[in-house]
Every structure is written in C-alpha cells, then in structure tokens.
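Every read-out reported here was derived from the displayed coordinates using simple, explicitly stated rules and does not represent laboratory data. These numbers were taken from a predicted model, which means no experiment stands behind them. Quick reminder, even Gly has a Cβ in these numbers, built from the backbone with ideal geometry, and neighbours come from all protein chains shown.
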Amino acid sequence: MTEPFSTLSTRTLGKTGFAVSEVGFGAWALGADWGTVTEDDALAALRAGVDAGMNLIDTADIYGGGRSERIIGKYLRERSDGDGRIHVITKMGRGEGWDSSAAAVAAAAERSLERLGVDCIDLVQLHCIPFDVLREGTVFASLEQARDQGLIRHYGVSVETIEEALFCIRESGAASLQVIFNIFRQRVIDELLPVAAEHGVGIVARVPLASGVLSGKFSAGHRFTDDDHRHYNANGEIFNVGETFAGVSFDTAVKHAAAIDGILVRECSGATLAQKALRWILDYDAVSTVIPGAKSEQQARDNAAASLLPKISGEAHAELAKFYESEVAATVRGAY
C-alpha cells in the first residue's frame, strides 16, 4: 500500500521544474560516516520522512560504497505507487574508477540506476570534484550526453566554494547547486543566492545543522565514535573540513550554538534549536530545499516539522547576521 503524503510546502528545484518539499531527506548517514545505522533503522527513517511530507531524498554513490543508494532502492521497491512523487537525487565524482569522460559518467550513472532500481535518475550532481575539472568543461558535455541517453533527467553540482558555484552558473547548464549553508556560513546570502535566483538555478542547502552542533544537544569535549566523521574528520584530516561542523572547531561551534540558541529563544515557540536553524535557512526564498540528515524516525519527523514553522523575525535575523560577523566568520576554516 502506498504511504500517505502529508502536506509540506514545496518549492521549485531550479531548472528541473520539480516541485520538491522544502525539507528533504539527507541520506549520507544511511551509508557511512555517522556511526552505526542499521538497515532497519534506515528504512524506518525513510518511511517516517516521506510520511511527514518529504518527497526529495539526497544521496551519493560513495556513501558507504553504494549502501545508501541500495537502501533507498529497497525503500522505493516496497512502495507501489510508481508515480514519481519521490525525487531521488544522487551524486558522482568521488572515489576510484571515475573521470570526466562520457563513458565514465555513463557508467557511474548506470551503477546508481541499478542500486536505486529506477529507470532514470531525476538529478545527478557532481560531488565536489576539483575546480580544475569543472573549468576544463568536458564533464558538463559528458553529463549532457548522459541526459540525452536517458540515464539522467537533469544535472547539478555540489560545490565547496562560492567561486565554484558562480562558475557553474555562468559556464554550465546546471539545474541546481548544492552548497553548505547554515547560520555558521552566511556569506552565501549575499554572494550566491541572488545570482542563483536570477539565473533560475536551484539551491540545495547541505550541512544545515553544522553536523548536528546546531541541534544544541552537544557539550564541549563530547567524543564521537571512531566510525563517525565528526571524530576522524573534525579538523579536515580526510576531506574538506567544511563538511564537518561547517568548518568551525567543535568546542567553538558548541559555544556558538549556545549563543544562537539564546538569540532564537523567543522564536517559533515550542520548536527545537535544530528546527529553528532549519527554518532560518528556509526564510531565504532562493533556497529550493534543505537536506538535514536523519538516522531515526523521530529525527526525520522533527526535521520535516521545520517546514511548518513561522518565519524567524527580522530582528532575530539581524541579530544573527551581526553575531556571524562579530563572532563566527573568523572561526570558519577551510575552502568557502
């Protein structure tokens, strides 16, 4: 039986034209790098997210070596509607055996298609590949060929820097951009969002809770498990430091989160800090969707509920902007 869809506000995902829930499901944790997540828990979280109104799931071929895509594929198979109301967007370009050639792009798309169990991928995003590869341009022609072959419907780019994002808007047919955007990363507001909106390019906001710190649930000195990137990549040891705590050192991020909680204390009565932080992102109309991760049913439901909150007040927005400039900006590390 098809699960019922609750009502969440939708926005257009850039040039795809898809009406997607403004809060989507980030599925990195279903693959790896966030501690242990059983397949049963992963499937339960997906069901809860969709039941709560999410119709967009973001994943990547490299998450757990394909595990995230396979679990999503299993979830899609248990559904019987087949009407395309769930949009799965995935990524390629990391790991061995990939290059920017048409053959490699097609092969990567075909592997994702098999794991997801779908006939065509709604949106494939380049997965933070080197800027030099983007500049060379072959990869965009390869993606367009994959689209012409019916392997993908649209393509976008997940980027690490605003410079990369602006390049992709100018020099490619990217339908969307996936960027780190949260209260710790506010340069995007003035430097990218207006340009993306002008060109009809969608924005997918990732790392919206700064790897969970903006939930307000952690205290300084907390130790994450060895299989959690918040332990082994806390200072950018393995990949871009911005992907972990949005580039802010953990103890500093905890202090920032406490201050932000104080600024938002009177906003959105009854909501958690995490929900308020997601609502803050959604107050920017150029954002198509925000993709917090979820490892449990409750997390998925709580994330979706952020879409139902009233907007953050203008006064709180102004205070958060001032706090970012005076306290946060200088503490953000890594490419940005």
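For a straight C-alpha distance cut-off of 17 angstrom, the aspartates and glutamates reachable from K311 (same-chain residues fewer than eight places away being disregarded) are E22, D261, E267, D283, D285, D302, E319.
Taking 0.36 nm per residue of sequence separation and removing the Cα-Cα distance, the R266/Q145 pair yields an extension gain of 38.4 nm.
Counting beta carbons within 10 Å around each of T16, T10 and listing the fewest first gives the order T10, T16. Ranked by the mean number of other Cβ atoms within 10 Å of their residues, highest first, the peptides 189-202, 56-69 come out as 56-69, 189-202. Note on the chain: helix-only mean residue ellipticity at 222 nm, from DSSP H runs of 4+ residues weighted -39500 (n - 2.57) and normalised by residue number, equals -11000 deg cm²/dmol.
Between 0 and 90 degrees, the angle of helix 138-148 with respect to the longest Cα principal axis of the chain falls at about 60 degrees.
A straight chain from E198 to N235 at 0.36 nm per residue would run longer than the Cα-Cα distance by 9.8 nm. Overall, the anisotropy analysis places segment 186-336 in the rounded class: the square-rooted eigenvalues a ≥ b ≥ c of its C-alpha gyration tensor yield a/c less than 1.5.
Across the chain, counting alpha-carbon atoms alone, Rg and Dmax equal 18.6, 54 Å. Compared with the dominant principal axis of the Cα atoms in the chain, helix 67-78 is inclined by about 70°.
Ranked by the mean number of other Cβ atoms within 10 Å per residue, highest first, peptides 23-32, 94-103 order as 23-32, 94-103.
Just checking the listed ones, F224, F181, F140: in the Gaussian network model of the chain with Cα springs under 10 Å, the one fluctuating most is F224. Computed from the C-beta positions of A258 and T7 and an R0 of 30 Å, the FRET efficiency is 0.30 to the nearest 0.05.
From the alpha carbon centroid of segment 147-213 to that of segment 215-236 is 26 Å.
Bridgeable lysines around K91 (alpha carbons under 19 Å apart, same-chain partners fewer than 8 residues away excluded): K15, K74. Taking the Kirkwood radius as Rh and the Cα radius of gyration as Rg, segment 98-214 has a ratio of Rg/Rh equal to 0.99.
Could you list V204, V37, V105 in order of exposure, starting from the residue whose Cβ has the fewest other Cβ atoms within 10 Å?
Result, fewest neighbours first: V37, V204, V105.
Axis angle, to the nearest 10 degrees, between helix 250-263 and the longest C-alpha principal axis of the chain: 70 degrees.
Extending 7 Å from Cα along the Cβ direction at K322 and again at R77 yields two label points whose distance is 5.7 nm.
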